[in-house]
Amino acid sequence: MSLPNSYKGYRNSYTELNEIYFWTITINEWLNLLKSDEYKAIIISSFQWLTEQELVRIYGYVIMPNHIHLLWEQLK
């Protein structure tokens, strides 16, 4: 069953619009691909673009070498 304003993701889970979620994104096999500040800047730039387009509201995030924690709300 699909709920209105929901997204059914790969993990057989869903998110609803206008709800705040704590999300963890991990890199396959926990590789340290985000060790470089250059890659972190790309992620931050992407977060800024999503916010400017009013697609999401980001309350906080932590970028570590092999995963990201994100506190966010999907708006559209």
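The values are calculated or read from the model by the stated rules, or taken from the named source; none is laboratory data. Just so it is clear, the model here is predicted, and its values are computed rather than measured. Neighbour counts are summed over all protein chains in view; Cβ atoms, including those assigned to glycine, are modelled from backbone coordinates with ideal geometry.
Taking the stretch 4-17 as the search range and keeping residues that are in a loop (DSSP other than H, G, I, E, B), under 15 Å from Lys76 (Cα atoms) and at pLDDT below 90, which one is nearest to the chain's Cα centre (by Cα)?
Asn5
Which pairs have Cβ atoms under 6 Å, sit 6 or more apart or on different chains, and link a residue in the stretch 44-63 that is without any contact (Cβ under 8 Å) to a residue 12 or more places away in the chain and loosely packed, with under 14 Cβ neighbours inside 10 Å to one that is assigned to a strand (DSSP E or B) and not aromatic (Phe, Trp, Tyr)?
Short answer, once both residue conditions are applied: Gly60/Leu71; Val62/His69.
When the stretch 23-56 is examined, which residues are found to be of a type in the set (D, E, K, R), within 16 Å of the chain's Cα centre (by Cα) and outside any helix (DSSP H, G or I)? Steps first, answer last, please.
Taking the stretch 23-56 and keeping what is of a type in the set (D, E, K, R), we get 29, 35, 37-38, 40, 52, 54.
The next check asks that each one be within 16 Å of the chain's Cα centre (by Cα); those that pass are 40, 52, 54.
Glu54, the sole residue that qualifies.
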